[in-house]
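This report concerns only the one structure given below.
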């Protein structure tokens, strides 16, 4: 579900086209075993990636596939860092943007599965720092973007500035951005996409688990799923294999993206991960390694507004039916990144695409890769 991208202003510029041609002609950086994917399909996918990167002036991109429930292919293309000529690999860390949300939702559903969290209780039961509103707000509503919490303001008022290195110490401090704001709608009545709503989800999780949000995810999602590199996108920490972030201006010049400390929105858009790690997450979800099947099915069921209309969004996951397949998916975009991933449970398959340029509809490439891998005919709607 692609939403508003908060891309920063330029800091340093690079004349892109000659650099891109130089780095991309070096070919893909193969970083993981390639099993279960034919040579013909792999070459077709690589051609699709090359064409997409060229058309969108993307510096670096990583992609991965899950087939038969297991990661079977991953590659990096182009450059993770243009200034230092560092190639992208399948283990390069990219900002996830909003595909952090399905990961966060999985952690919350684990607590519900253990009987420690009531999805339908008012959030103040677990997060007393959030003041009561005109109507009660529940965790279920927040996960499905039905909680009435605002998203980013069009004029930026009340939000973290687009170029900001302000660091937030935790979820309660982050909540100060929206705690005093009125709800935009009565909870349950209107689908209103909200990254801030997921910050409130983070506060709920911390209240139940009695530990920091990212620490809980590390022990209960990242480690069990084999996501060894995935973590919060700490702006001030030196993190190995982290990509640089880029933005293309109206003249087509690729520049360094604006400053972003995403500590205020870790649950909804503040994690970093690699294509390999995200493929492991997909495989873990397909194998019911993180959640029981019944809990997973609950998470993957479209929510409904109070008048009975389906929203096309479950608890942290977008839901769609396309070219004869039932797909669970999400996309993300923020300063210096565009991301997409999708799962097809009936085919035990999934795809991940991460790149270090904002404003790119990489979901188009993700779907193209998925179609190739699953032999979906081109004329299938």
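Okay, here's what the table says:
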item	result
Candidates 302, 263, 273, filtered to the one that is under 30 Å from residue 179 (Cβ atoms) and modelled with pLDDT under 95	263
Any pair with Cβ under 7 angstrom, 6 or more apart, that starts in the range 284-303 at a residue that is touching a residue at least 24 places away in the same chain (Cβ under 8 Å) and ends at one that is part of a helix (DSSP H, G or I) and surrounded by fewer than 19 Cβ atoms within 10 Å (Cβ to Cβ)	284/224; 286/345; 289/224; 290/224; 291/113; 292/113; 295/113
Which numbered condition residue 147 misses (of (1) more than 30 Å from residue 336 (Cβ to Cβ); (2) assigned to a loop (DSSP other than H, G, I, E, B); (3) modelled with pLDDT of 95 or more)	(1)
Residue in the range 358-376 that is under 23 Å from residue 62 (Cβ atoms), part of a strand (DSSP E or B) and out of contact with any helix residue (DSSP H, G or I) (no Cβ under 7 Å at 6 or more places or on another chain) present	no
Contacts under 9 angstrom Cβ, first residue in the range 366-381 being without any contact (Cβ under 8 Å) to a residue 40 or more places away in the chain and on the phi > 0 side of the Ramachandran plot, partner surrounded by 10 or more Cβ atoms within 10 Å (Cβ to Cβ) and part of a helix (DSSP H, G or I), 6 or more apart	375/41
Selection count where residues are on the phi < 0 side of the Ramachandran plot, touching a strand residue (DSSP E or B) at 6+ places or on another chain (Cβ under 7 Å) and surrounded by 20 or more Cβ atoms within 10 Å (Cβ to Cβ), scope the range 107-146	4
Filter result (surrounded by fewer than 18 Cβ atoms within 10 Å (Cβ to Cβ) and either without any contact (Cβ under 8 Å) to a residue 60 or more places away in the chain or closer than 16 Å to residue 57 by Cβ (or both)) within the range 220-239	223, 226, 228, 234, 237, 238
Enumeration of residues in the range 14-72 that are assigned to a helix (DSSP H, G or I), at pLDDT 85 or above and in contact with a helix residue (DSSP H, G or I) (Cβ under 8 Å, 6 or more places away or on another chain)	41, 44, 45, 48, 49, 50, 52, 53, 54
Residues satisfying the stated conditions in the range 170-185, i.e. part of a loop (DSSP other than H, G, I, E, B) and free of Cβ contacts under 8 Å to residues at least 60 places away in the same chain	170, 176, 178, 179, 180, 181, 182, 183, 184, 185
One residue from 248, 289 being surrounded by fewer than 21 Cβ atoms within 10 Å (Cβ to Cβ) and over 18 Å from residue 130 (Cα atoms)	289
Candidate set: the range 293-320, residues that are within 20 Å of the chain's Cα centre (by Cα) and in a strand (DSSP E or B); chosen: the one surrounded by the fewest Cβ atoms within 10 Å (Cβ to Cβ)	320
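The values are calculated or read from the model by the stated rules, or taken from the named source; none is laboratory data. Quantities reported herein were computed from a predicted structural model and do not represent experimental measurements. Glycine also receives a Cβ, built like all others from the backbone with ideal geometry; neighbour counts cover every protein chain displayed.
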